1. Kindly state, to the nearest 0.05, the FRET efficiency for N71 paired with L29, given R0 = 22 Å and r defined as their beta-carbon distance.
2. If you add up the charges near T69, with Lys and Arg at +1 and Asp and Glu at -1, over every other residue whose beta carbon is less than 15 angstrom from its beta carbon, what do you get?
Amino acid sequence: MFRGRIVRVVCYYRDASLLEMIISTFRKLLIDIDWVYGRKVSDDGLYEVVLGVRDSRNFKTAVLDLSNTVNVEVVEVLGDSEGGNYITNESINGNEVVKIYIPKTDIKECYSWGEVCG
């Protein structure tokens, strides 16, 4: 079971440094990232990136910095995850099936351009 915080970032893909920009926001404040999952949400370049982040005293600062970043629409901090309660996304590539497990949680906090939203 994952112990930490889950962050969902909704952003627009403009260049190849999208993931680097998101991850570096946490790493420059010495926050470890356990896992990352991303997917395309719409045809106009909107993406969803979900991160499993370790707890840190710099967590709130990193989230606020990320919400002020260009091309980032919304940063959501999700509630505590419950073991065994997962969203499953399956993709079929030839004969291979890939299953991705993300803990299913409720939205706890939501930020857009440094301000609380939602």
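All of the numbers you see were taken from the coordinates with simple rules; none came from a lab. Given the structure is predicted, the values throughout are model-derived calculations rather than measurements. Every residue, glycine among them, receives a Cβ derived from its backbone with ideal geometry; neighbour counts consider all protein chains shown.
1. 0.65
2. Working: positive: R8, R14, R27, K28; negative: D15, E20, D65, E73, E76, E115.
Around T69, the charge tally is -2.
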